[in-house]
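Notes follow the structure.
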Amino acid sequence: MGEPIERCIADWHRVLRGELPGGLDELLEDDVVFYSPIVFTPQRGKDVTKLYLNAAGATLGEGSVEEGASGANKPGGGSKFRYVKQILSGHHATLEFETEMGGKYVNGIDLITCNDAGRIVEFKVMVRPLQAINLLHQQMAAMLEKMG
């Protein structure tokens with residue numbers, strides 16, 4: 001694991017499995033920027049990014065990211081969320097995911113940028129197809145209201 005992004009993504013997968021002590025607090029830089037597929041304005045800061053990632057985990061993966069309950073890449077996990085492709089280079093990663101929400105297929109990517117310390121400084125989520133975005137928007141809004 002020579003490149004910073006390799007360490008970062010290994011830690012991201014540990015967070016999803018609930019195995020990284022400190023979880024998102026350890027992995028996210030204080031001034032991280034989060035780009036949501038449902039909100040136009042970039043969300044800045046660790047607290048708001050944690051809120052969005054946990055809401056996304058609860059919406060897409062049937063559990064909070066921070067608590068490691070998403071089931072992503074977890075043997076026997078109940079979630080249908082799974083990463084199907086991973087591209088890492090330098091400080092950047094593209095992680096393609098698939099899941100199902102309300103009987104609808106969801107395909108998307110997480111674009112993650114880290115610093116030299118392997119901490120996430122930018123997290124961008126893109127989702128397709130349109131029906132999945134519409135469903136995600138409805139469910140994320142409800143989840144954010146419930147969590148906030």
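We did not get these values from a lab; they are worked out from the coordinates using the rules stated. These figures come from a predicted structure and were not determined experimentally. In this analysis, Cβ positions are derived from the backbone assuming ideal geometry, glycine residues included, and neighbour counts consider all displayed protein chains.
What net charge do the residues around His92 carry, taking every other residue with its C-beta under 12 Å from that of His92, with Lys and Arg at +1 and Asp and Glu at -1? Walk me through the numbers before you get to the answer.
Details: positive: Lys124; negative: Glu3, Glu6, Asp110, Glu122.
Neighbour charge sum, excluding His92 itself: -3.
Among Ser89, Ser36, Ser79, determine the one that fluctuates most according to a GNM of the chain built with springs between C-alpha atoms less than 10 Å apart.
Result: Ser89 has the largest fluctuation of those listed.
Once the Cα atoms of helix 46-60 and of the chain are each reduced to a long axis, what angle between those two axes, in degrees from 0 to 90 to the nearest 10, is obtained?
50 degrees
Using a Gaussian network model of the chain with C-alpha springs under 10 Å, which one of Leu111, Leu24, Leu60 is most mobile by mean-square fluctuation?
Most flexible of the set in this elastic network: Leu111.
Roughly how many nanometres apart are two label points built 7 Å out from the Cα toward the Cβ at Val48 and Gln86?
Placing both labels 7 Å beyond Cα along the Cβ direction yields 3.0 nm.
Any idea what angle helix 4-16 forms with the longest principal axis of the chain, computed on alpha-carbon atoms, 0 to 90 degrees, nearest 10?
Rounded to the nearest ten degrees, it is 40.
Rank by packing, highest mean first: peptides 140-146, 116-122, 39-45, 52-58, with packing defined as the count of other Cβ atoms within 10 Å averaged across residues.
Averaged packing, sorted descending, gives the order 52-58, 116-122, 140-146, 39-45.
I need two numbers for the range 77-148: Rg to one decimal and Dmax as a whole number, Cα atoms only, in Å.
Calculated on Cα positions, Rg and Dmax stand at 14.0, 40 Å.
Looking only at Tyr105, Tyr83, Tyr35, which one moves most when the chain is put into a Gaussian network model with springs between Cα atoms under 10 Å?
The residue that fluctuates most here is Tyr105.
Can you sort Lys104, Lys85, Lys50 from fewest to most other Cβ atoms within 10 Å of each residue's own Cβ?
Lys85, Lys104, Lys50
Pop out the ³J(HN,Hα) list for the range 92-102 in order, Karplus 6.51 cos²θ - 1.76 cosθ + 1.60 with θ = phi - 60°, rounded to Hz; leave Gly and Pro as x.
Rounded to whole hertz, the list is 10, 9, 10, 10, 8, 10, 9, 7, 9, 10, x.
Which of Gly103, Val15, Ala56 sits closest to the plus end of the dipole of the chain, meaning its Cα is farthest towards the positive end, when Lys and Arg get +1 and Asp and Glu get -1 on the C-beta?
Gly103
Under 21 Å from the Cα of Lys146, which lysines turn up, not counting those fewer than eight places away in the same chain?
Reachable lysines: Lys46, Lys50.
At 222 nm, what value in deg cm²/dmol follows for the chain if DSSP H runs of at least 4 each add -39500 (n - 2.57) and the sum is divided by all its residues, to the nearest 500?
Calculated at 222 nm, the ellipticity per residue is -11000 deg cm²/dmol.
I need Val106, Val15 ordered by Cβ neighbour count within 10 Å, fewest first.
Val106, Val15
Calculate the dipole size of the chain relative to its Cα centre from +1 charges on Lys and Arg beta carbons and -1 charges on Asp and Glu beta carbons; express the result in debye to the nearest 20.
That gives a dipole near 500 debye.
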